[in-house]
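Enquirer: Quick one: the structure is below, questions incoming.
The numbers here are math on the coordinates, done by the rules we state, and not lab data. Bear in mind the structure is a predicted one, so any value in this text is a computation, not a measurement. Quick reminder, even Gly has a Cβ in these numbers, built from the backbone with ideal geometry, and neighbours come from all protein chains shown.
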Amino acid sequence: MLNIDSVSKTFFPHTVNERRALVEVNLELKEGDFVTVIGSNGAGKSTLLNTVAGRIHQDTGVVSLDGTDVSRLKEHQRAAKVGRVFQDPMAGTAPNLSIEENLSLADRRGRPRGLSRGVTKAKRERFAEALKQLELGLEGRLKTKVGLLSGGQRQALSLLMATYSDPRVLLLDEHTAALDPQRAELVTRLTRSVVEDKGLTTLMVTHNMVQALEVGNRLIMMHEGRIILDVGAEQKAKMTPQDLLAEFGKLKGAVVDDKTLLQ
Amino acid sequence: MITAFELGLIYAIMALGVYLTFRILNFPDLTVDGSFTSGAATAAILITNEVDPFLATAAAFVVGSLAGMITGLLHTKGNINGLLAGILTMIGLYSINLRIMDGANVPLLGQDTVISMMRGFTGVGWTSVAVLAAVALIFKLIMDWYLQTDNGLALRATGDNEQMISSFAVSTDRQKIIGLMLSNGLVGIAGAVVAQHQGFADIGMGIGLILVGLASVIVGQAIFGSRTVIQATLAVILGAVVYRLAIQLALNVGLNPNDMKLMSAVLVVAALLLPQWKGFSKLSLRRRSSSPLAEAAAPLTTSDAHLSKTSSEKGA
């Protein structure tokens, strides 16, 4: 349902800083696929996600969603079908709006935003119900400004918002990387359960090899703008982080950063 | 004194417009200087041509919002810096305003205006102040209502976190244009009513007006708070009245009217600088000790939001 067809993207072309972020990348996600993406810094993982989201437009190639070419659509147009959670916990929510107002914005994804009341009593009950799943007690703080929440709470809320109106594709860009281990664990758990419950087609970039192996039903490894490893569910279940490190080791010039090694 | 209250309440409508761009959209919009006069000119010329003054005032809203639309298009579709886009529209409007009025001013002597019609019932006194206060409150309530609708929420999120709201399928360009149109529409109405209040429209009446708007918003919110939209809009109206009273006071103690623009500028600078001063923030912390958490967290989150914006842009 998500098709990435020989997509290439070069930053700063024809200069000394030229960087080929994506080179003829092909990737097809089936309905309900949960793909984890790993790779060294600068491998093109984020560019891949941004190309799907429409934040970055590819130089060549086609991105299509449900059989429709969306390459020319802008970010906000694609967002009708694409949900995102960013690495920065502050990025996915509006700090000066209350929790219920944020959820109301998420609720209207892909539908016209007119002059009906944003937060109604009926909606408020639905929001509280959904917030209970987070087990953070936020259902009792609907009118609290999101800016007053902690990073972990905000990221959990971002995840809930991104998935609230059942997007066709969910993009997660190292969304647990900026959290402390405990909160990261919580958000990972929430991610697994929401993706499973709703059967969302998901593309998740991560630095954490354990996480990459534990969640999802498919794993791809990127290096210098190419997908160099594509592992299905069965093989993935047998793999260990050591196996992945060994794969990295095979690459000439791949720099595994300290963060990855420490995990 | 009565006049100061009356003017304050009329200018409050403009201040609500400035609040919409400056606070909600986080966009300092200089179009205001031009669109205020455009509203005044449109209404004045229509009234002298025997158009119903209420209709003429409504027309001022339309003309004002068109001015806002131009700034919005320049900024969003033309990728022109917001301040510059506002300045460009403002300068351009100067000529257009001269064209609308076919001269530098239009007198409204002897014409039926919304103000003269009001005076027929109220005269000049506290009743007329009450009527104008009610009008300002109606605009406030409409704005409160709008900012709670789906579209209003999208507008607020556009000013709060652009990256976030575009990831929820909102065109931030469109929201900015809507915000600028509404804002300048209100400014146009205020211009129209001021012209009818003073009995003429004049090409120079909008000069420096953005400062009056900013002063009303900043001073009002500093004194009366801005925790919720409902509180913030009320603070803006009161701020506009306080500002006008302060000016009146300054004139009464014998200050030269020519110095008023300098006074406005100094007032805005003071309102912007004072909160940065350590002693002041301690003072306000104690004053609003009801929720120390909110006070402590607010500056953190806003600075974080800035950081996140820049870092995500680099990341892309």
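Enquirer: Could you point to the residue in B:ILE207, B:THR127, B:MET181 farthest towards the positive end of the stretch B:2-208's charge dipole, with +1 and -1 charges on the Cβ of Lys/Arg and Asp/Glu respectively?
Expert: Farthest towards the positive end: B:MET181.
Enquirer: Which residues does the label zone of A:ARG126 cover in the stretch A:78-116, counting backbone N under 15 Å from a point 7 Å along Cα→Cβ?
Expert: Residues A:100-114, A:116 qualify, since their backbone N sits under 15 Å from the label point.
Enquirer: What average number of partner chain Cβ atoms lie no more than 10 Å from the Cβ of the residues making up A:146-154?
Expert: Taking the mean over all residues of the peptide, I get 3.
Enquirer: Considering every residue in A:95-104, what mean count of other chain Cβ atoms within 10 Å of its Cβ is obtained?
Expert: What the average comes to for A:95-104 is 5.
Enquirer: Now for a separate question. What list of ³J(HN,Hα) couplings, whole Hz, do you get for the stretch A:34-44 from phi and the Karplus terms 6.51, -1.76, 1.60, once you set θ to phi - 60° and write x for glycine and proline?
Expert: My calculation for the stretch A:34-44 gives 10, 9, 9, 10, 10, x, 5, 4, x, 6, x Hz in order.
Enquirer: Further question on the same structure: Return the whole-Å distance between the Cα centroid of the stretch A:107-122 and the Cα centroid of the stretch B:55-99.
Expert: 30
Enquirer: Something else about it: Could you work out which residue, out of B:LEU66, B:LEU186, B:LEU141, moves most in a Gaussian network model of chain B, that is, has the largest mean-square fluctuation with Cα springs under 10 Å?
Expert: Answer for the Gaussian network model of chain B: B:LEU141.
Enquirer: Let me know the charge dipole size of the stretch B:2-208 about its Cα centre in debye, to the nearest 20, where only the beta-carbon of Lys, Arg (+1) and Asp, Glu (-1) is charged.
Expert: In total the dipole reaches around 240 debye.
Enquirer: Could you pull out every residue, at least 5 positions away or on a different chain, whose amide H is within less than 5 Å of the one on A:ARG218? Hs are placed 1.01 Å off N in the peptide plane, and Pro or chain starts have none.
Expert: A:PHE34, A:THR36
Enquirer: Using amide H atoms built in the peptide plane, which far-off residues or other-chain residues are under 5 Å from A:GLY39 H to H?
Expert: Distant-sequence amide H within range of A:GLY39: A:MET222.
Enquirer: Estimate the FRET efficiency between A:GLU135 and A:SER64 by the formula 1/(1 + (r/R0)^6), using the beta-carbon distance for r and 35 Å for R0, to the nearest 0.05.
Expert: On the way: r = 38 Å, r/R0 = 1.07.
Once rounded, the FRET efficiency stands at 0.40.
Enquirer: With r as the distance between the Cβ atoms of A:ASP197 and A:LYS74 and R0 = 35 Å, compute the FRET efficiency 1/(1 + (r/R0)^6) and round to 0.05.
Expert: In this case the efficiency is close to 0.70.
Enquirer: Computed FRET efficiency, Cβ-Cβ of A:THR144 and B:ASP102, R0 51 Å: what is it to the nearest 0.05?
Expert: Plugging the Cβ-Cβ distance into 1/(1 + (r/R0)^6) gives 0.40.
Enquirer: Quick one: which of A:LYS9/A:LYS250; B:LYS176/B:LYS278; A:LYS198/A:LYS250; A:LYS123/B:LYS176; A:LYS30/A:LYS145 span more than 31 angstrom between C-alpha atoms?
Expert: Values: A:LYS9/A:LYS250 25 Å; B:LYS176/B:LYS278 34 Å; A:LYS198/A:LYS250 37 Å; A:LYS123/B:LYS176 26 Å; A:LYS30/A:LYS145 38 Å.
Listed pairs above 31 Å: B:LYS176/B:LYS278; A:LYS198/A:LYS250; A:LYS30/A:LYS145.
Enquirer: Can you list the HN-Hα couplings for the stretch A:64-74, worked out from phi with the Karplus curve (6.51, -1.76, 1.60; θ = phi - 60°), rounded to whole Hz and with x for Gly and Pro?
Expert: 10, 10, 6, x, 9, 5, 10, 3, 8, 6, 6
Enquirer: Enter the angle in degrees (range 0 to 90, nearest 10) between the Cα long axis of helix A:151-164 and the first principal axis of the Cα atoms of chain A, meaning the one along which they spread out most.
Expert: 90
Enquirer: Continuing with this model, one more query. Can you give the average number of partner chain beta-carbon atoms within 10 Å of each beta-carbon in peptide A:49-55, as a whole number?
Expert: 2
Enquirer: Between the helical axis of A:241-250 and the dominant principal axis of chain A, each derived from Cα atoms, what acute angle in degrees is found, rounded to the nearest 10?
Expert: 40
Enquirer: Got a sec? How would B:THR42, A:THR68 order by Cβ neighbour count within 10 Å, fewest to most? Walk me through the intermediate numbers first.
Expert: Values: B:THR42 28, A:THR68 11.
Going from least to most buried by this count: A:THR68, B:THR42.
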